[in-house]
1. Which three extents, in whole angstrom, do the alpha-carbon atoms of the stretch 157-283 cover along their principal axes, largest first?
2. Can you list residues from other chains, or at least 5 along the same chain, whose modelled amide H is less than 5 Å from the amide H of Ala225?
3. If each residue of separation counts as 0.36 nm, what is the full-extension length gain between Asp254 and Asp236 once their alpha-carbon separation is subtracted?
4. Could you give the nm distance between label points at Ser55 and Thr143, where each point is 7 Å from its Cα heading toward the beta carbon?
5. Pop the C-beta distance of Leu214 and Arg192 into the FRET formula with R0 = 51 Å and round what comes out to the nearest 0.05.
6. In vacuum, with every alpha carbon of the stretch 58-213 counted as one equal point scatterer, what does the Debye formula give for log10 I(q)/I(0) at q = 0.13, 0.15, 0.17 Å⁻¹? Two decimals, please.
7. Quick one: Debye curve from the alpha-carbon atoms of the stretch 209-254 only, equal weights, vacuum; give me log10 I(q)/I(0) at q = 0.19, 0.23 Å⁻¹ to two decimals.
8. Work out how much length Asn265 to Glu124 would gain on full extension: take 0.36 nm times their residue separation and subtract the Cα-Cα distance, in nm to one decimal.
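Quick note: the coordinates plus some simple rules give every number you see, no bench work behind them. Nothing here was measured: the structure is a model prediction, and the numbers come from that model. Methodologically, a virtual Cβ is constructed for each residue, glycine included, from the backbone with ideal geometry; neighbour enumeration extends over all protein chains shown.
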Amino acid sequence: MGTNLLRAGIYKSVFFWASLLVGLSVAAQQPAPAAPAPAAPAQNADNQNALARKSYPPALIQSGRDLFRQDCSFCHGRDAGGGETGPDLTRSKLVTADVDGEKIGPVVRGGRPDKGMPPFDRSEDQIASLVAFIHTQQNRALTRTGGRKGVDVSDLQTGNADAGKHYFEGAGGCATCHSPTGDLAGINSRYRGLELEEQMLYPKHAKAKVTVTLASGPTISGTLAYRDEFTIGLIDPAGSYRSWRTSDVKYKVDAPMNAHVELFNKYTDDDIHNLMAYLQSLR
């Protein structure tokens, strides 16, 4: 895939919304004058939490950082801001609700097998250091000048689902390969927010289709199962594996991401936002 095409697609979607994030801050309160002052605007949950953020000893944070980078950084990033497979812990609702490790500790020790996170046998002191580091990283993210980095799920919920469905079934050509009751059924429960948009723009691990034309004329199509210099193999619609010597047949491989790449120069911002809204409705 051309680097410029990928950059163009991601620029239109992810970074467009990342640039619109609003910085979180706590309004300073001034003493009221003699006359009654107007009621102060209600603080949101993040602001309320900001008022009571806990600080930790530097040595404990350092110990937690070392342990986090050893055990957790591969998935959650070196600074807990999210990695290849793990979420951004500075945005985690569980971390926000955690008090002294009561929620973080059980997750570390029990893991989350359904999400690919293994359990870690860690002592109370080690858990305390991880808690100190994770909370410190969240506090820094919340108070960072210019606002938090990243993209919230809510930032990607601005489109029109009906318009997205119309695009899916029409101009986008999505329905020729995908089905809302088939491969996309419940997709919003498997991918959320930015992860869903990335999957939409550039699908990972999608299986290629292949059509094999036999020397006698008939064609056989299926999911590409094997290919090398000498052999081409597929899984046919009945679920059977079939293969041929490449010298005996002609074949055409249709990589699924090709159709997505071709859309990069055709998408408008509204197309992306509306299509995202439609995919988010497939729960």
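1. Per principal axis, max minus min of the Cα coordinates gives 52, 28, 22 Å.
2. Answer set, sorted by chain and number: Gly233, Leu234, Ile235.
3. Values: separation 18, 0.36 × 18 = 6.48 nm, distance 1.48 nm.
Full extension from Asp254 to Asp236 adds 5.0 nm.
4. 0.8 nm
5. Details: r = 44 Å, r/R0 = 0.87.
It comes to 0.70.
6. The Debye formula, applied to the Cα set alone, gives -0.74, -0.89, -1.04.
7. -0.48, -0.71
8. On the way: separation 141, 0.36 × 141 = 50.76 nm, distance 5.31 nm.
Taking Asn265 through Glu124 to full extension adds about 45.5 nm, to one decimal.
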